[in-house]
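The values are calculated or read from the model by the stated rules, or taken from the named source; none is laboratory data. In this text, all values refer to a predicted model and were calculated from it rather than measured experimentally. Positions of Cβ are backbone-derived with ideal geometry, glycine not excepted, and every protein chain shown enters the neighbour counts. In case anyone asks, the SASA skips ligands and DNA or RNA and just uses the protein heavy atoms, side chains included. Shrake-Rupley method; radii C 1.70, N 1.55, O 1.52, S 1.80 Å.
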Amino acid sequence: MSCSTPLETRPLGRTGAAVSVVGLGTWQLGGDWGDVSEHDAAGVLDAALDAGVTLLDTADVYGDGRSEERIRSALADRGECPFVATKVGRRADPFVAEQYTPENLRAWVDRSRRNLGMDTLDLVQLHCPPPAVYSDQRVYDTLDALVEEQAIAAYGVSVETVAEGLTALQHPGVQTVQVILNVFRRKPLEELLPAAQRAEVGILARVPLASGLLTGKYDESTTFAADDHRTFNRHGEAFDVGETFAGVPFEVGVAAAREVAEIAGPEESTAAFSLRWVIDQPGVTTVIPGARNIKQALDNVAAASLPPVTDAQLADLERVYDERIRAHVHDRW
């Protein structure tokens, strides 16, 4: 099966790769979003790749390697078309910076190489480690050595806060920053994205639909499975609360999403409109929404074909943010 690339592409920092403006996040295909079968996961990956997606984002802890392994299976007959970005580090205690040793980093990278069936990983990102790790020169020295050894082609960071991203940008080997960015989460626009542009560093925008809030499909009575992080991490019980509904209280987000749907208008889906907003932000390389089924994957790709968000719509979205969301946004974000 061959890959096609009808989507707009943008350079991914200084990696030399050009990737589609809509990628595919594959957390859903590993775990923490309820069960996704092998058949459904394969369908999502095939649909996204056939529609022109050329960047897949995964991590070694998504289903304890299941997401990486499912990507390997999907790519078996496709050659080297897609760019695969994985993440490492969350196999360590997420609060212990001392566990980011050269030995552990090498072991995590080697495990991902096995899971993905790749001699050289396209991109390895530090997976939201403790803040001290972003300043640890020993970590960057190890990653530089892995590049020299061709175990990885490039490395970047995935961050929870703007401050972490700005710290990482001080290290010249960092090629990408992955950060939460959506209509409800705007702080990266102020400093981080301009700084990344100046440094020629790619930006991967994650949680672009605020864990589904910005699909406009939920109401206050919506419930999720017990093994879905939207049930068990609403208040940050398992990991950073910003990863779930972008840190916005569920009921607040549902009400705000209704207004976003009205701004999008009847001709555009709320999800595609919200993704288009992310694509339009200066400095964004690619947006990486997830998908649990083929329809969601194709709906996400459709955002790349929408016209840019109008000035009037931008003003209305900012009003919704100011009136509904701003009071709930944590200062550190």
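For (1) in contact with an Asp or Glu (Cβ under 7 Å, 6 or more places away or on another chain); (2) open to solvent by less than 10 Å² (accessible area, probe 1.4 Å); (3) closer than 19 Å to residue 28 by Cβ, each residue gets a yes or a no:
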{"site": "192", "(1), (2), (3)": "no, yes, no"}
{"site": "197", "(1), (2), (3)": "no, no, no"}
{"site": "203", "(1), (2), (3)": "no, yes, no"}
{"site": "216", "(1), (2), (3)": "no, no, yes"}
{"site": "223", "(1), (2), (3)": "no, no, yes"}
{"site": "236", "(1), (2), (3)": "no, no, no"}
{"site": "239", "(1), (2), (3)": "no, no, yes"}
{"site": "256", "(1), (2), (3)": "no, yes, no"}
List the residue pairs whose Cβ atoms are under 7 Å apart, where the first residue sits in the range 130-150 and is within 24 Å of residue 160 (Cβ to Cβ) and of a type outside the set (A, V, I, L, M), the second is modelled with pLDDT of 95 or more and buried (at least 21 other Cβ atoms within 10 Å of the Cβ), and the two are 6 or more positions apart or on different chains. 131/164; 134/157; 134/164; 134/168; 136/100; 142/105
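Quick one: which helices (runs of 4 or more DSSP H) lie wholly within the range 136-244 and hold at least 2 residues that are touching a Pro at 6+ places or on another chain (Cβ under 9 Å) and among the small types (Gly, Ala, Ser)?
Working: elements: 137-148, 162-168, 192-198, 229-232.
It comes to 162-168.
Considering only residues that are assigned to a loop (DSSP other than H, G, I, E, B) and at pLDDT 95 or above, look in the range 90-109 and name the one that is surrounded by the most Cβ atoms within 10 Å (Cβ to Cβ).
Checked the range 90-109; the qualifying residue surrounded by the most Cβ atoms within 10 Å (Cβ to Cβ) is 100.
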All positions within the range 62-89 that are surrounded by fewer than 24 Cβ atoms within 10 Å (Cβ to Cβ) and either over 22 Å from residue 19 (Cα atoms) or of a type in the set (Gly, Ala, Ser) (or both): 63, 64, 65, 66, 73, 74, 76, 79
Please determine, by comparing only the residues of the range 15-46 that are among the small types (Gly, Ala, Ser) and within 23 Å of residue 210 (Cβ to Cβ), which one is nearest to the chain's Cα centre (by Cα). 25
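Could you please find all residues in the range 10-27 being open to solvent by 20 Å² or more (accessible area, probe 1.4 Å) and either in contact with a Gly (Cβ under 9 Å, 6 or more places away or on another chain) or under 25 Å from residue 61 (Cα atoms) (or both)?
Let us first name the residues in the range 10-27 that are open to solvent by 20 Å² or more (accessible area, probe 1.4 Å), namely 10-11, 13-18, 27.
Result: 10, 11, 13, 14, 15, 17, 27.
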How about the range 273-317: which of its residues are buried (at least 24 other Cβ atoms within 10 Å of the Cβ), in a helix (DSSP H, G or I) and either in contact with an Asp or Glu (Cβ under 6 Å, 6 or more places away or on another chain) or among the polar types (S, T, N, Q) (or both)? 274, 300
Considering residues of the range 110-129 that are more than 23 Å from residue 238 (Cβ to Cβ), without any contact (Cβ under 8 Å) to a residue 60 or more places away in the chain and of a type outside the set (Val, Ile, Thr) only, the residue most open to solvent (accessible area, probe 1.4 Å): 114
Contact list please: Cβ distance under 9 Å, first residue in the range 66-89 and without any contact (Cβ under 8 Å) to a residue 24 or more places away in the chain, second residue among the aromatic types (Phe, Trp, Tyr), pairs at least six apart or on different chains. none
